[in-house]
1. To the nearest 0.05, how large is the calculated FRET efficiency for Arg78 and Ser203 if R₀ is 35 Å and r is the Cβ-Cβ distance?
2. Please sort 150-158, 79-87 by packing, taking for each peptide the average over its residues of neighbouring beta carbons within 10 angstrom, highest first.
3. In what sequence, highest mean first, do 126-139, 96-109 appear when ranked by Cβ atoms within 10 angstrom?
4. Based on the Cβ-Cβ distance of Ala224 and Leu107, what FRET efficiency does E = 1/(1 + (r/R0)^6) give at R0 = 25 Å, to the nearest 0.05?
5. With the Cα gyration tensor of segment 109-196 giving a ≥ b ≥ c as the square roots of its eigenvalues, does the rule (a/c under 1.5 for rounded; else a/b larger than b/c for prolate; else oblate) give rounded, prolate or oblate?
6. Which one, Pro173, Leu161, Ala144, is farthest towards the positive end of the dipole of segment 125-180 when Lys and Arg carry +1 and Asp and Glu -1 on their Cβ?
7. Treat every Asp and Glu Cβ in segment 188-229 as -1 and every Lys and Arg Cβ as +1, leave all other atoms uncharged, and give the resulting dipole magnitude about the Cα centre to the nearest 20 debye.
8. Determine ³J(HN,Hα), in whole Hz, for all residues of segment 185-194 in sequence, where each value follows from phi through the Karplus function 6.51 cos²θ - 1.76 cosθ + 1.60 and θ = phi - 60°; x replaces Gly and Pro.
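What follows is calculated from the coordinates using simple rules that are stated; it is not laboratory data. Keep in mind the model is a prediction, meaning the values are calculated, not measured. Reconstructed Cβ throughout: ideal geometry from the backbone, glycine too, with neighbour counts over all protein chains shown.
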Amino acid sequence: MRKRNRTAHRVPRLGHTGAMIDLSPATAARHRRPPLAAAVLALAALTLVACAQREIRAQQAPAEAPPLQVVAPIELQRYMGLWYEQARLPNRFQRDCTGQVSARYGLRQDGRVDVLNRCATADGSVKEALGEGRTVPVKGLPDAGQLEVRFAPAWLSWLPLVWGDYWILRLEPDYSVALVGTPDRKYLWLLSREPRLAPGRVSEMLEHARASGFDVSQVVLTPADPPLPRD
């Protein structure tokens, strides 16, 4: 009986042009991309996907809903400071927030915004998230209340997918109450300078959200207890 030769052979195949393709292990090894090049290509692909997703999100609002209008102009410095959440549409990143929720904004010298989100959890601990905000120019609306916020590490800030929309949809003249949402109507927050907003004011602001195409039947009111410790 003849022994089978176990030595690897080059196995020629026909490519789509009819040319012979060498599929031997040695050839495959020579053409394998370095890990760094593969990582760069993967990041580039993620960037393209993120850009496409942002365009899709902007078009995902119900067909009958009017285009969202942001407040313009706003004085960004006056908007800074401490806000207390009064209500929100449920979202995955606030799943552990069972008590009071706050957001503190601070304007930096470079025009960007430092963000500190805090919330009380069921076990009495405080969950915090540090982020950064930036304004987004809107054609024909100088100083419009259209921003983006990220909570990913700074070295990823060049990726579009780490930035989330933050649109100021309504703002009281004294900057005491703000309604914030996203153009796809999936995220909504009602913020107040005071820890507790009167129920009538809450209803008024949520009616504005409903008229703007948000499903306010899914909105949850933010509990005041347990309260956050003073920072």
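1. The calculated FRET efficiency here is 0.85.
2. For the peptides 150-158, 79-87, the packing ranking is 79-87, 150-158.
3. 96-109, 126-139
4. 0.35
5. Note, shape of segment 109-196 comes out oblate.
6. Toward the positive end, the furthest listed residue is Leu161.
7. Roughly 80 debye, rounded to the nearest 20.
8. Result, rounded to whole Hz: 6, 8, 10, 8, 9, 10, 10, 9, 6, 8.
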